[in-house]
Amino acid sequence: MTPYSKDFPVSWEELHRNARALSWRLLEQGPWKGIIAITRGGLVPAAILCREMDIRLIDTICIVSYSGDAGEAAMKQGELSVLKGVEGDGEGFILIDDLVDTGRTAQKVRDMLPKAHFATIYAKPAGKPLVDTFVTEVSQDTWIRFPWDMEYTFSTPLADRHAK
Ligand SMILES: O=P(O)(O)OC[C@H]1O[C@H](OP(=O)(O)OP(=O)(O)O)[C@H](O)[C@@H]1O
Ligand SMILES: O=c1[nH]c(=O)c2nc[nH]c2[nH]1
Ligand SMILES: [Mg+2]
(Lines give C-alpha, C1' and ligand atoms only; values in the text may rest on other atoms or scores of the structure.)
(Ligands and ions follow the chains in the order given, each with its own letter.)
Protein backbone atom coordinates (compact mmCIF):
# COMPACT_ATOMS: atom_id res chain seq x y z
CA MET A 1 0.00 0.00 0.00
CA THR A 2 1.13 3.54 -0.76
CA PRO A 3 -0.45 6.87 0.24
CA TYR A 4 -1.09 7.60 -3.46
CA SER A 5 -4.54 6.95 -4.96
CA LYS A 6 -4.41 9.36 -7.92
CA ASP A 7 -2.24 9.50 -11.00
CA PHE A 8 -1.22 12.80 -12.60
CA PRO A 9 0.54 12.26 -15.94
CA VAL A 10 2.54 15.25 -17.20
CA SER A 11 3.45 15.68 -20.88
CA TRP A 12 6.73 17.16 -22.15
CA GLU A 13 4.78 20.18 -23.38
CA GLU A 14 3.14 20.80 -20.02
CA LEU A 15 6.43 20.36 -18.21
CA HIS A 16 8.10 22.80 -20.60
CA ARG A 17 5.31 25.36 -20.14
CA ASN A 18 5.47 25.08 -16.34
CA ALA A 19 9.27 25.37 -16.30
CA ARG A 20 9.05 28.52 -18.42
CA ALA A 21 6.44 29.94 -16.02
CA LEU A 22 8.84 29.22 -13.16
CA SER A 23 11.64 30.97 -15.08
CA TRP A 24 9.51 34.14 -15.34
CA ARG A 25 8.91 34.19 -11.60
CA LEU A 26 12.56 33.58 -10.78
CA LEU A 27 13.80 36.22 -13.24
CA GLU A 28 11.79 38.80 -11.32
CA GLN A 29 13.57 37.81 -8.10
CA GLY A 30 17.14 37.82 -9.47
CA PRO A 31 19.96 38.45 -10.19
CA TRP A 32 21.22 34.89 -9.68
CA LYS A 33 24.76 33.52 -9.55
CA GLY A 34 23.78 30.09 -10.84
CA ILE A 35 21.56 27.03 -10.58
CA ILE A 36 22.01 23.92 -8.47
CA ALA A 37 19.97 20.97 -9.73
CA ILE A 38 18.90 18.22 -7.35
CA THR A 39 19.43 15.03 -9.31
CA ARG A 40 17.91 13.42 -11.02
CA GLY A 41 14.43 15.01 -11.11
CA GLY A 42 15.79 18.57 -11.08
CA LEU A 43 17.98 18.07 -14.18
CA VAL A 44 15.37 18.66 -16.91
CA PRO A 45 13.81 21.69 -15.14
CA ALA A 46 17.36 23.05 -14.61
CA ALA A 47 18.12 22.76 -18.34
CA ILE A 48 14.99 24.74 -19.22
CA LEU A 49 15.58 27.37 -16.51
CA CYS A 50 19.20 28.03 -17.44
CA ARG A 51 18.27 28.44 -21.11
CA GLU A 52 15.42 30.85 -20.37
CA MET A 53 17.33 32.81 -17.73
CA ASP A 54 20.68 32.88 -19.56
CA ILE A 55 22.47 31.20 -16.65
CA ARG A 56 25.68 29.33 -17.47
CA LEU A 57 26.84 28.20 -14.03
CA ILE A 58 25.14 24.91 -13.17
CA ASP A 59 26.03 22.52 -10.35
CA THR A 60 24.35 19.45 -8.83
CA ILE A 61 23.46 17.98 -5.49
CA CYS A 62 23.18 14.23 -6.03
CA ILE A 63 20.68 12.70 -3.63
CA VAL A 64 18.54 9.57 -3.69
CA SER A 65 15.56 8.46 -1.61
CA TYR A 66 12.81 6.83 -3.72
CA SER A 67 14.97 4.08 -5.15
CA GLY A 68 12.58 1.49 -6.65
CA ASP A 69 12.46 1.21 -10.44
CA ALA A 70 8.72 0.91 -11.06
CA GLY A 71 5.25 0.47 -9.57
CA GLU A 72 4.76 0.60 -5.81
CA ALA A 73 8.47 0.12 -5.08
CA ALA A 74 9.16 3.46 -6.79
CA MET A 75 6.59 5.13 -4.53
CA LYS A 76 8.29 4.18 -1.23
CA GLN A 77 10.87 6.49 0.26
CA GLY A 78 13.96 4.97 1.85
CA GLU A 79 16.89 6.54 3.69
CA LEU A 80 18.15 9.77 2.11
CA SER A 81 21.62 9.31 0.72
CA VAL A 82 23.73 12.27 -0.45
CA LEU A 83 26.24 11.18 -3.11
CA LYS A 84 27.56 14.68 -3.85
CA GLY A 85 27.06 18.11 -2.23
CA VAL A 86 28.23 21.65 -3.06
CA GLU A 87 30.51 24.07 -1.24
CA GLY A 88 29.16 27.19 0.49
CA ASP A 89 25.76 28.26 1.87
CA GLY A 90 23.94 28.65 -1.48
CA GLU A 91 23.58 32.45 -1.34
CA GLY A 92 22.52 33.83 -4.75
CA PHE A 93 21.82 30.35 -6.15
CA ILE A 94 18.57 28.73 -7.27
CA LEU A 95 18.15 25.22 -5.98
CA ILE A 96 15.82 23.40 -8.37
CA ASP A 97 13.92 20.12 -8.09
CA ASP A 98 10.98 18.69 -10.05
CA LEU A 99 8.74 18.45 -6.95
CA VAL A 100 8.37 18.40 -3.19
CA ASP A 101 6.29 15.59 -1.74
CA THR A 102 6.86 14.81 1.97
CA GLY A 103 9.49 17.59 2.05
CA ARG A 104 12.25 15.31 3.37
CA THR A 105 14.53 15.91 0.39
CA ALA A 106 13.81 19.66 0.59
CA GLN A 107 14.65 19.74 4.31
CA LYS A 108 17.94 17.93 3.68
CA VAL A 109 19.08 20.30 0.91
CA ARG A 110 17.92 23.36 2.87
CA ASP A 111 20.08 22.21 5.79
CA MET A 112 23.01 21.87 3.38
CA LEU A 113 22.46 25.23 1.59
CA PRO A 114 20.39 27.44 3.96
CA LYS A 115 20.71 30.62 1.83
CA ALA A 116 19.74 29.12 -1.54
CA HIS A 117 16.36 29.92 -3.12
CA PHE A 118 14.50 26.60 -3.33
CA ALA A 119 12.24 26.25 -6.40
CA THR A 120 10.16 23.36 -7.76
CA ILE A 121 7.67 22.86 -10.57
CA TYR A 122 5.18 20.89 -8.44
CA ALA A 123 4.45 21.00 -4.71
CA LYS A 124 2.32 18.77 -2.48
CA PRO A 125 0.93 20.27 0.76
CA ALA A 126 3.37 18.55 3.17
CA GLY A 127 6.43 19.93 1.35
CA LYS A 128 5.02 23.28 0.24
CA PRO A 129 6.16 25.32 3.28
CA LEU A 130 9.78 24.42 2.43
CA VAL A 131 9.62 25.83 -1.12
CA ASP A 132 10.31 29.49 -1.93
CA THR A 133 8.79 29.43 -5.44
CA PHE A 134 6.71 26.74 -7.21
CA VAL A 135 4.21 26.65 -10.07
CA THR A 136 1.53 24.00 -9.50
CA GLU A 137 0.11 22.41 -6.35
CA VAL A 138 -1.25 18.85 -6.39
CA SER A 139 -2.90 16.92 -3.58
CA GLN A 140 -0.86 14.76 -1.20
CA ASP A 141 -2.47 11.53 -2.47
CA THR A 142 -1.40 12.21 -6.08
CA TRP A 143 1.57 10.53 -7.77
CA ILE A 144 3.00 12.75 -10.50
CA ARG A 145 4.16 10.90 -13.61
CA PHE A 146 6.94 12.78 -15.38
CA PRO A 147 7.40 12.47 -19.16
CA TRP A 148 10.86 10.93 -18.80
CA ASP A 149 9.27 8.04 -16.81
CA MET A 150 6.58 7.26 -19.41
CA GLU A 151 6.13 5.94 -22.95
CA TYR A 152 3.19 5.88 -25.37
CA THR A 153 1.15 2.72 -24.96
CA PHE A 154 -2.37 1.37 -25.64
CA SER A 155 -5.07 2.85 -23.43
CA THR A 156 -8.03 0.62 -22.45
CA PRO A 157 -11.36 2.42 -23.17
CA LEU A 158 -12.96 3.75 -20.00
CA ALA A 159 -16.13 1.64 -20.54
CA ASP A 160 -14.04 -1.57 -20.54
CA ARG A 161 -12.29 -0.59 -17.33
CA HIS A 162 -15.66 0.32 -15.78
CA ALA A 163 -17.12 -3.11 -16.64
CA LYS A 164 -14.43 -4.97 -14.64
O1 LIG B 1 9.61 15.51 -0.82
P2 LIG B 1 10.12 14.11 -0.87
O3 LIG B 1 9.13 13.13 -0.29
O4 LIG B 1 11.48 13.95 -0.26
O5 LIG B 1 10.21 13.67 -2.41
C6 LIG B 1 10.69 14.52 -3.43
C7 LIG B 1 11.90 13.93 -4.10
O8 LIG B 1 11.60 12.63 -4.61
C9 LIG B 1 11.98 12.55 -5.98
O10 LIG B 1 13.33 12.19 -6.12
P11 LIG B 1 13.85 10.67 -6.03
O12 LIG B 1 14.43 10.41 -4.69
O13 LIG B 1 12.74 9.75 -6.46
O14 LIG B 1 15.04 10.56 -7.04
P15 LIG B 1 15.17 11.00 -8.56
O16 LIG B 1 15.02 12.49 -8.60
O17 LIG B 1 16.54 10.54 -8.92
O18 LIG B 1 14.11 10.30 -9.36
C19 LIG B 1 11.78 13.96 -6.48
O20 LIG B 1 12.59 14.20 -7.63
C21 LIG B 1 12.27 14.80 -5.31
O22 LIG B 1 13.67 14.99 -5.35
O1 LIG C 1 7.88 10.67 -10.11
C2 LIG C 1 7.57 11.00 -8.94
N3 LIG C 1 6.31 11.43 -8.67
C4 LIG C 1 5.89 11.81 -7.43
O5 LIG C 1 4.72 12.20 -7.22
C6 LIG C 1 6.86 11.72 -6.38
N7 LIG C 1 6.82 11.97 -5.05
C8 LIG C 1 8.04 11.70 -4.57
N9 LIG C 1 8.86 11.27 -5.55
C10 LIG C 1 8.15 11.28 -6.70
N11 LIG C 1 8.51 10.92 -7.96
MG1 LIG D 1 14.62 13.77 -6.97
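The values are calculated or read from the model by the stated rules, or taken from the named source; none is laboratory data. Model, not experiment: these values are computed from the prediction. Please note: Cβ atoms are built from the backbone with ideal geometry, for glycine as well, and neighbour counts cover all protein chains shown. Heads up: the accessible areas ignore ligands, DNA and RNA and are worked out on the full protein's heavy atoms, side chains in. Shrake-Rupley method; radii C 1.70, N 1.55, O 1.52, S 1.80 Å.
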Within straight cross-link reach of LYS33, meaning Cα distance under 27 Å, which lysines are found once same-chain residues fewer than 8 apart are removed? LYS84, LYS108, LYS115, LYS128
Could you point to the residue in LEU27, ALA47, SER81 farthest towards the positive end of region 9-163's charge dipole, with +1 and -1 charges on the Cβ of Lys/Arg and Asp/Glu respectively? LEU27
For THR102, what accessible surface area do you get with a 1.4 Å probe? Give it in Å², rounded to 10. 60
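Lys and Arg at +1, Asp and Glu at -1: add these up for the other residues within a Cβ distance under 12 Å of GLU79 and post the number. Mind showing how you got there, number by number?
Details: positive: LYS76, ARG104, LYS108; negative: none.
Spelling it out: positives minus negatives among the neighbours equals +3.
When the Kirkwood radius is taken over all Cα pairs of region 1-84, what Stokes-Einstein diffusion coefficient follows at 20 °C and 1.002 mPa s, in µm²/s? Mind dumping the intermediate values first?
Numbers: Rh = 14.8 Å.
Here the translational diffusion coefficient equals 145 µm²/s.
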Using a Debye calculation, one point per C-alpha and no hydration shell, please list log10 I(q)/I(0) for the chain at q = 0.13, 0.16, 0.20 Å⁻¹ in order. -0.62, -0.92, -1.40
Alpha-carbon centroids, region 1-73 and region 104-164: separation in whole Å: 10
With all protein chains present and a 1.4 Å probe, the order of HIS117, HIS162, HIS16 from largest accessible area down is HIS162, HIS16, HIS117
Can you work out the accessible area per residue across the chain, with the rest of the protein chains kept in place, probe 1.4 Å, in square angstrom? 59
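Determine the calculated [θ] at 222 nm for the chain from helices alone, applying -39500 (n - 2.57) to every DSSP H run no shorter than 4 residues and normalising by the residue count; nearest 500 deg cm²/dmol. Before the final figure, lay out the partial values.
On the way: 5 runs with 47 residues, N = 164.
The helix contribution divided over the chain gives -8000 deg cm²/dmol.
Quick check: at a probe of 1.4 Å, how many percent of the accessible area of region 4-99 sits on carbon and sulfur atoms?
C and S fraction of accessible area: 52 percent.
Could you give the length gained on full extension between TRP12 and LEU27, defined as 0.36 nm per residue of separation minus the Cα-Cα distance, in nm?
3.2 nm
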Pick from LEU83, LEU22, LEU43: which is most flexible by mean-square fluctuation in a GNM of the chain where alpha carbon atoms under 10 Å apart are linked? LEU83
List the longest stretch of the chain that has no exposed loop site; here a site is one of the GluC sites (Glu not before Pro) assigned by DSSP to anything other than H, G, I, E or B, with at most 13 other Cβ within 10 Å. 1-86
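Arrange the residues SER65, SER5 by how much accessible surface each exposes, largest first, with a 1.4 angstrom probe.
Working: SER65 15, SER5 95 Å².
Reading off the accessible areas and sorting them downward yields SER5, SER65.
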Quick one: 3J(HN,Hα) in Hz for region 33-39, Karplus 6.51/-1.76/1.60 with θ = phi - 60°, rounded, Gly and Pro as x. 7, x, 10, 10, 8, 8, 6
For the chain, with a Gaussian network of springs between Cα atoms less than 10 Å apart, report the residue from MET75, MET112, MET150 with the top mean-square fluctuation. MET150
Measure nothing fancy, just the Cα-based angle from helix 43-53's long axis to the longest principal axis of the chain, in degrees from 0 to 90, nearest 10. 50
Write down the percent of antiparallel bridges among all DSSP beta bridges whose residues are both part of region 9-163, to the nearest 5. 15
